[in-house]
Structure formats: structure tokens, C-alpha cells
Amino acid sequence: MTIDNNNTPPEIHADSYARNAGFDTPTPGIPRRHTITSCLGLGPIPFNQVIAVHNLADEAVRFPLPRDGAFLTYNEAAVRAKPEKAAQAQLNRQVTKEIEPEIKAIRPLMAEINVLSTQIEQVRTSPMRGAVGEKLTPEEAQTLHDALRAEISSDQRNGSKKHTLKTRNKLKEIGLLLIDFPVFLYALLSLFNVNYRLIGSDTGTTIKASIAGIFAILGTLMLALVARGMGRRHRAFKGDSSTIETDSKNRRRIRLEIAALVAVVTAAVVVMASRVIVDGLAAEVMPVLVYALAALFGFLLGFGAYLNYTAEYDNGSDQTDRVQHLSVQLRSREATIEGLNNARKLRIEETGIRIAKLNRLIEQTRTSAEHLVTGSRQDKAISLARSYHGLTGSKARLPAPDLDYRRLDLAVAQARDLTDHQEYLENLTKED
């Protein structure tokens, strides 16, 4: 049995279907000159796609019906398979070697930022110690500090001298502590009958000199510390005129303490002066000179104790001590928080830079993979074949490449989470 195409019912005849659909179906064909010039490498068909274009045109001849340009035929999909495979391999390679390592590098930075945030919060809420050992919250410590500072400022405006502070000088402090050392050393060397000329050459003499030096240091430090401790204690009772002002009960105790200190200093002065007098008279030195030197050494010893006493007594007040105690802790707390905040800001900036790089990598990976397909000779061959047979219309574009974006989409979701968290941290830093 033969089939007469001229008698084919209109509903299944290709030409009739095309006309009913509104297409003027041309006769598919590739100009011979295009084939010849393309085989010579002169275009318009890519040199290695001439056969593919002819195959696609032949496919249109076999069934010349209008097509939806958003989909590929089996032959078009076969032509496009090679660049899609290469694009998929490139996409997977970039995700594995560039995007995922970048995400792994960002996560430790985020973890470090979280640790810094936790440390900042801990420092902010950590309790502080008051001047008498009481536990204070940072807010209570700041309030107490401000109240004491206001009290000191008010007293100073009213002419009070009790809060006057002296500038601390380490060398001066050490000098005041050791101001009596030469006098003590001379007295002890004389007491142990040390022959100065034999020091270093005679073992017994050297040992005596060493013992005298140790005792001189201990005596000097003990006298200085006693004087300073007494001055620090009496400073708590200092009034606005820089004199001791207290009730009768405390006044009696303070007088006894001062008398005890004077007795200790007087005893030390008597010992030193006596030693000078004994040695001077034994050496048949003029008595006037001996007594003058004894008085001078005694005066130096007593004046050194007085300087150590006043160094503590005149240096501020009980209120200034409490302010300084709180101020040191508050400054340390603020410096710690500032340092942690700066470290966190640096990590946030670094994270922002790396996240921006990650987003660029993701977009570049997607774009380059798609361009590897859309810019390939195979896609150009498909477009030329469609142009020759005209069955998809003049405005139809090739569909997007059929690539597996699951790994890339997962990276996109992770990058979005990182970006959102980074923005949250930036806002948190601005609020701080």
C-alpha cells in the first residue's frame, strides 16, 4: 500500500499544520557557499561543526513543524553535550578547589569573632573589687568612682588641701627608702670592728662586712617602712587643712603612735651618734668635730625618717586612694574591652573581605560555566542551524545550559548565611 502525501488529512500534514499555526514554513537548506567557505575555515559555520549543522538542518527537513525554542531537540542536546560536560567539570573543580576552601577559611574567623564577643560580654559583666574588698558590679564601681571624684572636686573648690597628690617618681621613692643606708652601714661596720683595708682580701673581714651590709639594709628598710606605714595610716585622719582631725579617742591613739615612732627614731639616732662619738674620741679627733659629726649623722637619720613619713602622709587622702583603686580597675576594664572590640572589628573586616571574595567567586563560577556553553562552537552551530531552518522563530533564544548546580547552590546558601551573620556582627559593633 502506498501513501499519497497529497491526500493526507490536513490535521496531520506538516505543511498544513505549519500554516494553521501561523508559520510560513520555508524549505530548510544551507547555502552551498556557506558550506564551502566554512570547510575552508572562513565561516560562518565553525570549521568543526559543519557536519553538526547539516545534521540539525536535516532533522528539520524530516519534520518541518514549528518548535518551542526554549527546548532542545535530541540532536541539539547531543551537539551541546560536549561543552556542557566541560562546563560541569569546570564548575565542580572551582567549587572544590576555590569556593569550599574559602568557606572553610571563613568559618574559623566567625568562630573567633564569637569567642571575642563572649569575652567582651564576660568582661562587661565581671564583678569588681572595692577599696575594702567588697564586690561591686561595673555599674556600681563607676557610680562610686564618680561620687568620690565629685566629693574630691567639691572639697578642692572649697580650698581643701587634704586631697593633694604628689607625682610618683620611682627613683625618688627608692632614694627615700635608702637615704639612711650609709649611716646604718657606717655604724654597723664600726660595731663589728671591720678593717676596711682587709675587705675582699681577708675572709673573716669580708664576712663581717657582708653581715654589716645586710643588717644596714634591713635596718634602713624597716625604719623607712615603719615611717611610711605610720604616715599612710595617719593620712586617713587628715583634715582639709592637711592636719590630723579626729575625735578624742582616735587622737589619743595617734599621739601614742607618733610618740612610738619618735622613740624608735630617737633610739636609732642615739645609737648612730654614740657610735660616731666613741670612734671619734678613740681616734683622738677634736671633741667639737666628733660631736658635730654625731649630731649631723643623727639629724640625717631622723630627717630621713621624717621624709618617709611625710611622703605618705602628704600624698592624697583616703578618698583619693579609693578613687585610684577604682580608677585602675575601670581603666583596665575599658582597655580590655577596647582591645577585644578592636580585635573583633579587625576580624569582622577580614571576614567581610573574604565573604565578598566568596560571593564574587560564586558568581564568577556560575557565569564562566554558563559562558563555556553559550560561547562554544556547538551553541553557535545550533543557533546557525535554527537560523537556516527557521522553525523556532526569529526571537527564540537557546535555553540555559543544563548544568548540575546543587553543590554551587549549597555554597550560595552557606555564603548567604555567612553574609547575614557578618552584617549582624557589623551592626552589633556599631551599637557597641
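Please work out if LYS208 is at pLDDT 80 or above, touching a helix residue (DSSP H, G or I) at 6+ places or on another chain (Cβ under 9 Å), surrounded by 13 or more Cβ atoms within 10 Å (Cβ to Cβ) and over 27 Å from SER160 (Cα atoms).
yes
Among the residues in the range 368-378, are any of a type in the set (A, V, I, L, M), over 41 Å from the mean Cα position of the chain (by Cα) and under 30 Å from ILE45 (Cα atoms)? So far as the range 368-378 goes, yes, one or more of its residues are of a type in the set (A, V, I, L, M), over 41 Å from the mean Cα position of the chain (by Cα) and under 30 Å from ILE45 (Cα atoms).
For (1) within 30 Å of LEU136 (Cβ to Cβ); (2) surrounded by 13 or more Cβ atoms within 10 Å (Cβ to Cβ); (3) at pLDDT 95 or above, each residue gets a yes or a no:
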residue	(1), (2), (3)
ASP321	yes, yes, no
VAL328	yes, no, no
ARG331	yes, no, no
ALA343	yes, yes, no
GLU349	no, yes, no
ARG354	no, yes, no
THR365	no, yes, no
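Filtered by the rule that a residue be surrounded by 15 or more Cβ atoms within 10 Å (Cβ to Cβ) and at pLDDT 90 or above, the range 408-432 gives LEU408, ALA411, VAL412, GLN414, ALA415, LEU418, THR419.
Figure legend. Inter-residue proximity from the range 197-209: first residues farther than 17 Å from ALA187 by Cα, second residues part of a helix (DSSP H, G or I), beta-carbon distance below 7 Å, spacing 6+ or different chains. Indicated pairs: LEU198/THR205; GLY200/THR206.
Quick check on the range 367-381: of everything there that is under 14 Å from LEU91 (Cα atoms) and surrounded by 21 or more Cβ atoms within 10 Å (Cβ to Cβ), which residue is modelled with the lowest pLDDT? Restricting to residues being under 14 Å from LEU91 (Cα atoms) and surrounded by 21 or more Cβ atoms within 10 Å (Cβ to Cβ), the top hit is VAL373.
In this structure, is MET222 out of contact with any strand residue (DSSP E or B) (no Cβ under 8 Å at 6 or more places or on another chain) and surrounded by fewer than 17 Cβ atoms within 10 Å (Cβ to Cβ)? When the stated conditions are applied, MET222 passes them.
How many residues does the range 325-384 contain that are part of a helix (DSSP H, G or I), within 30 Å of ALA57 (Cβ to Cβ) and free of Cβ contacts under 8 Å to residues at least 12 places away in the same chain? Of the residues in the range 325-384, 1 are part of a helix (DSSP H, G or I), within 30 Å of ALA57 (Cβ to Cβ) and free of Cβ contacts under 8 Å to residues at least 12 places away in the same chain. For the range 152-159, state whether one or more residues are surrounded by 12 or more Cβ atoms within 10 Å (Cβ to Cβ), over 26 Å from LEU261 (Cβ atoms), out of contact with any helix residue (DSSP H, G or I) (no Cβ under 6 Å at 6 or more places or on another chain) and of a type in the set (Ser, Thr, Tyr). Scanning the range 152-159 turns up no residue that is surrounded by 12 or more Cβ atoms within 10 Å (Cβ to Cβ), over 26 Å from LEU261 (Cβ atoms), out of contact with any helix residue (DSSP H, G or I) (no Cβ under 6 Å at 6 or more places or on another chain) and of a type in the set (Ser, Thr, Tyr).
When ARG228, ARG255 are checked against the criterion of being of a type in the set (Lys, Arg) and surrounded by 13 or more Cβ atoms within 10 Å (Cβ to Cβ), ARG228 stands alone in meeting it. Restricting the range 62-81 to residues that are modelled with pLDDT of 70 or more and of a type in the set (A, V, I, L, M) leaves a set whose member that is farthest from ARG377 (Cα to Cα) is LEU72. Checked against (1) under 30 Å from VAL132 (Cβ atoms); (2) out of contact with any Asp or Glu (no Cβ under 6 Å at 6 or more places or on another chain); (3) modelled with pLDDT of 85 or more, LEU296 passes all but a single condition, namely (1). Scanning the range 183-205 for residues that are in contact with a Ser or Thr (Cβ under 7 Å, 6 or more places away or on another chain) and either assigned to a helix (DSSP H, G or I) or at pLDDT below 80 (or both) turns up PHE184, LEU198.
The rows are residues; the columns are (1) modelled with pLDDT of 85 or more; (2) not basic (Lys, Arg).
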{"residue": "ARG251", "(1), (2)": "no, no"}
{"residue": "GLU257", "(1), (2)": "yes, yes"}
{"residue": "ARG275", "(1), (2)": "no, no"}
{"residue": "GLY280", "(1), (2)": "no, yes"}
{"residue": "LEU300", "(1), (2)": "no, yes"}
{"residue": "GLY304", "(1), (2)": "no, yes"}
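Tell me the residue from ILE174, ILE244 that is touching a His at 6+ places or on another chain (Cβ under 7 Å), without any contact (Cβ under 8 Å) to a residue 40 or more places away in the chain and closer than 30 Å to ASP321 by Cβ, please. Result: ILE244 is the single residue among ILE174, ILE244 that is touching a His at 6+ places or on another chain (Cβ under 7 Å), without any contact (Cβ under 8 Å) to a residue 40 or more places away in the chain and closer than 30 Å to ASP321 by Cβ. The set of residues in the range 1-58 that are part of a loop (DSSP other than H, G, I, E, B), surrounded by 12 or more Cβ atoms within 10 Å (Cβ to Cβ) and modelled with pLDDT under 50 comprises THR8, HIS13, PHE23, THR25, PRO26. Every condition in (1) within 15 Å of LYS162 (Cβ to Cβ); (2) in contact with a helix residue (DSSP H, G or I) (Cβ under 8 Å, 6 or more places away or on another chain) holds for ALA216 except the one numbered (1). Cβ-Cβ distances below 6 Å connect no pair with a first residue in the range 247-269 that is more than 19 Å from ALA236 (Cα to Cα) and in contact (Cβ under 8 Å) with a residue 40 or more places away in the chain, a second residue that is among the charged types (D, E, K, R) and surrounded by fewer than 13 Cβ atoms within 10 Å (Cβ to Cβ), and a separation of six or more residues or different chains.
The values are calculated or read from the model by the stated rules, or taken from the named source; none is laboratory data. Not measured: the values here are computed from a predicted model. Cβ: placed from backbone, ideal geometry, glycine included. Neighbour counts: every protein chain shown.
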